[in-house]
Amino acid sequence: MAAGTASIGAPRPRPPWLESAIGQGLALIAAFAIAIAVGSLIVVLYGESPLTVYGAMLRFAFKDVTSVGTILSIATPLIFAALAVSVCFKGGLFNIGVEGQFLVGMVTASWAALYLDFLPGLLHLIAVLLFACLGGMIYAAVPGILKVKTGAHEVVTTIMMNGIAVSVVAYALNGPLKFTKAPPGQNVDLRTDIFEPSALVPDLGHLFGVEPSAHLSWLFPIAIVAAVVVWVLFRRMRLGYEARAIGSSAGSARAGGISIGVVQIKLFLISGALAGLIGMQQVLGERGALVQNYEAQLGFTGIAVAFLGQNNPIGIVFAAILWAVLSRGETALQIDTDVPREFVIILQGILIFCVVVVYQVARRRLARLQLQRAGAEVGLRDTAAPEDEGRKDD
Amino acid sequence: MDLGDIGAAVRIAFTYFTILYLTGLGGLFSERSGIVNIGLEGLMVVGTVTGAAGVAVFAGPAPEGMGLGAGGVVLGLLFGALCGALFASVHAVATINFRVDHIVSGVVINLVAIGLARFLSYIFFEQATQSDPGGPHLGRVDIPLLSDIPGGLGNAFRNLSPVFLFAVFLVVPVTFALYRTRWGLRLRSAGENPEATRSLGVAVAPLRWQGVLLSGALAGLSGAFLSVEVVGNWREGQTLGLGFIALAALILSNWDPRRLMFAAFLFGFAQAIPLRLDDAPIISALPPQFINMIPYVVTIVAIAGFVAKVRPPAAAGRAYEGAGGG
């Protein structure tokens, strides 16, 4: 009887989405506070003041519009990478192979840039981007099919596929895509021929007074669009619903009539398409060719950024920018302080760890709270209590 | 290609066997206790840098090091194992105490390890990505009788690191501890059915902590072996995904320390193919980049072909709700 009267007089409870948003926000703030505190401790051990160090990093990162442009161009591939990771993660899949898919995407895109140059203007660029997606998709399909058909865990297979992808790039650069038009009498590092301008992504930064050296290209807005598309896919489309159902409980999803294998392969394909675009910033936005000493590891950084953004597409955009700010701050450490630049990698690591742990704790708290409230609403307060007592074991 | 090449390939396979078996055993202890550990690679990475640093301190020449000789090298390797265990405690805190998803935590371990290794390297060696080559290592041993096999095959049993013998004989105490002691029974029960374990008055969390710490120590030792005994210095990225291949070997072995020996040798031999058997028939027809893919392809094929025939510990990867206090 107490339950019935309590719910009448009580203020209307906050809607669940707002509650989880507040919960996530608080968890993020707590995680950041802990990470900054631990980072400060390390800084103090180096005999520097945390304020000086963090201040120097921020001042350098935001010193002018070109530096901001550089941050956004660093963030661009990270957004694609983290989105690729998060798409699979929503369905309970760990695509550690984003790294390999991005490497293969660079190879297929370079092929299209070199051999589809008969296409006029913008069509050439679109074809190149499509081939990048296609390469990533084909490469992601392999672990997806293996997972569904044989049960081989995607973490092991994708890691192996990453190892193979490194050799694929090496083979392409030594064989079919090796440059043919070297400037005479010069030693050229191993790379493809320089692409036609029609294959390149145009510069965006000059519209905002950003120097061309920042390489801020139209890929950044494309990355934002990709984030919005992923958001719509998961919030408004059937596939997103099915993926979330599988991610939270594969058993219930199967009982609900969802074909798990089909959804998982679709997720791998979407993830691979996004992964294929990771390399476009460096290939089409910066170098204009595929070079031997390409920037690797972006797929792995994408995992960290996805965790930091809590697998939310909008959160990922901000997480990628934050990651880029920290990376940019490395240079400031070298110039202005005695703290080694490796401090930034440690700080990023601590941050990820704090976010993962705090988010997990907060999620459990919230779930327990909602369970209690639901119990109270249907008048089952007494049955909610033993559940709570059981937790005292913790 | 002749028999000498095969002998040399088997010798390389023994080296990789050592790395994969030690790391795989680490994964075995962790997963048998119920904690999935895909952070083995990261634990190895920490072992490579700290092992190299430990050896430099304990066995390095007099002004900087203590010059303890072979004993110093052993201490250095053990230091790598200790640091691996310390780093694994992060995974233990996250998965056992905070009940973070095991794979998420393992991925974070791997990500953080790269940065941590650079940071430690900067502290130990004042350079971020490698230490000076040619550090001290243990003396090499020949196996009696086997090393006298004629025709080049004996090469496989010459000039081996004592750590290889340690790894081979480790199967005896590990199998005994796992299947013949009370502790082993409890550890396995924590990974199969923690609720039942708890109902018998046995605390699950300490067992899982022990499993994870052992995995860190063994993966750290394996990493230290790689940098100290195999390469001669620490270099960034020298683990080359071997931690994950060890994980694959563990799956192939059905989480059994005896079968793990065969799986580790199989994958170790696959690693040796690009290095020593690249002029064998069929293989020599491939472009060199394709030969480099062989170890990875072998791993994928083995996992895809055998995964349906194995059974992981029933509770591995599942959080135990009473873990904090019970």
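The values are calculated or read from the model by the stated rules, or taken from the named source; none is laboratory data. Given the structure is predicted, the values throughout are model-derived calculations rather than measurements. Cβ placement follows ideal geometry from the backbone for every residue including glycine, while neighbour counts extend to all protein chains displayed.
The figures follow:
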| read-out | value |
| --- | --- |
| Residue that is nearest to residue A:156 (Cα to Cα) [pool: residues in segment B:117-126 that are in contact with a helix residue (DSSP H, G or I) (Cβ under 8 Å, 6 or more places away or on another chain) and surrounded by fewer than 24 Cβ atoms within 10 Å (Cβ to Cβ)] | B:118 |
| All helices (runs of 4 or more DSSP H) inside segment A:1-108 with 1 or more residues being modelled with pLDDT of 90 or more and not basic (Lys, Arg) | A:16-45, A:50-61, A:65-90 |
| Evaluation of residue B:82 against (1) within 14 Å of chain A (Cβ to nearest Cβ); (2) surrounded by fewer than 24 Cβ atoms within 10 Å (Cβ to Cβ); (3) modelled with pLDDT of 95 or more (one fails), failing number | (1) |
| Identity of the residue in segment A:327-345, crowded, with 20+ Cβ neighbours inside 10 Å and of a type in the set (A, V, I, L, M, F, W, C), that ends up nearest to the other protein chains (Cβ to nearest Cβ) | A:345 |
| Matching option when the condition is in a helix (DSSP H, G or I), within 12 Å of chain B (Cβ to nearest Cβ) and within 17 Å of residue A:101 (Cα to Cα), among A:300, A:307 | A:300 |
| Selection count, segment A:245-269, where residues are surrounded by fewer than 16 Cβ atoms within 10 Å (Cβ to Cβ) and at negative phi | 11 |
| Selection status of residue A:244, part of a helix (DSSP H, G or I), in contact with a helix residue (DSSP H, G or I) (Cβ under 7 Å, 6 or more places away or on another chain) and among the charged types (D, E, K, R) | yes |
| Residue ranges of helices (runs of 4 or more DSSP H) in segment B:207-326 with at least 1 members under 19 Å from the mean Cα position of the chain (by Cα), touching a residue at least 12 places away in the same chain (Cβ under 8 Å) and within 10 Å of chain A (Cβ to nearest Cβ) | B:242-252, B:288-306 |
| Residue A:128 vs. criteria more than 11 Å from chain B (Cβ to nearest Cβ), buried (at least 17 other Cβ atoms within 10 Å of the Cβ) and assigned to a helix (DSSP H, G or I) | yes |
| Total residues in segment A:358-381, condition surrounded by 14 or more Cβ atoms within 10 Å (Cβ to Cβ), within 14 Å of chain B (Cβ to nearest Cβ) and in contact (Cβ under 8 Å) with a residue 60 or more places away in the chain | 5 |
| Index of the failed condition, residue B:197 passing every other in (1) β-branched (Val, Ile, Thr); (2) in contact (Cβ under 8 Å) with a residue 24 or more places away in the chain; (3) closer than 18 Å to residue B:31 by Cα | (2) |
| Leading residue by the ranking (farthest from residue B:252 (Cα to Cα)) among those in segment A:149-178 that are more than 9 Å from chain B (Cβ to nearest Cβ) and under 20 Å from the mean Cα position of the chain (by Cα) | A:165 |
| Any hit, segment B:262-276, residues being of a type in the set (D, E, K, R) and touching a helix residue (DSSP H, G or I) at 6+ places or on another chain (Cβ under 6 Å) | yes |
| Among residues of segment A:135-148, those that are within 10 Å of another protein chain (Cβ to nearest Cβ) and touching a residue at least 24 places away in the same chain (Cβ under 8 Å), counted | 3 |
| Residue check for residue B:128: over 30 Å from residue B:4 (Cβ atoms), within 14 Å of another protein chain (Cβ to nearest Cβ), assigned to a loop (DSSP other than H, G, I, E, B) and touching a residue at least 40 places away in the same chain (Cβ under 8 Å) | yes |
| Some residue of segment A:188-203 being farther than 29 Å from residue A:72 by Cβ and within 14 Å of chain B (Cβ to nearest Cβ) | yes |
| Evaluation of residue A:201 against (1) in contact with a Phe, Trp or Tyr (Cβ under 8 Å, 6 or more places away or on another chain); (2) in a helix (DSSP H, G or I) (one fails), failing number | (2) |
| One residue from B:93, B:107 being more than 20 Å from the chain's Cα centre (by Cα) and within 9 Å of chain A (Cβ to nearest Cβ) | B:93 |
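A quick yes/no check of all residues on (1) assigned to a loop (DSSP other than H, G, I, E, B); (2) over 30 Å from residue A:141 (Cα atoms); (3) free of Cβ contacts under 8 Å to residues at least 24 places away in the same chain:
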site: A:162; (1), (2), (3): no, no, no
site: A:168; (1), (2), (3): no, no, no
site: A:176; (1), (2), (3): yes, no, no
site: A:180; (1), (2), (3): yes, yes, yes
site: A:193; (1), (2), (3): yes, no, no
site: A:206; (1), (2), (3): no, yes, yes
site: A:213; (1), (2), (3): no, yes, no
site: A:226; (1), (2), (3): no, no, no
site: A:239; (1), (2), (3): no, no, no
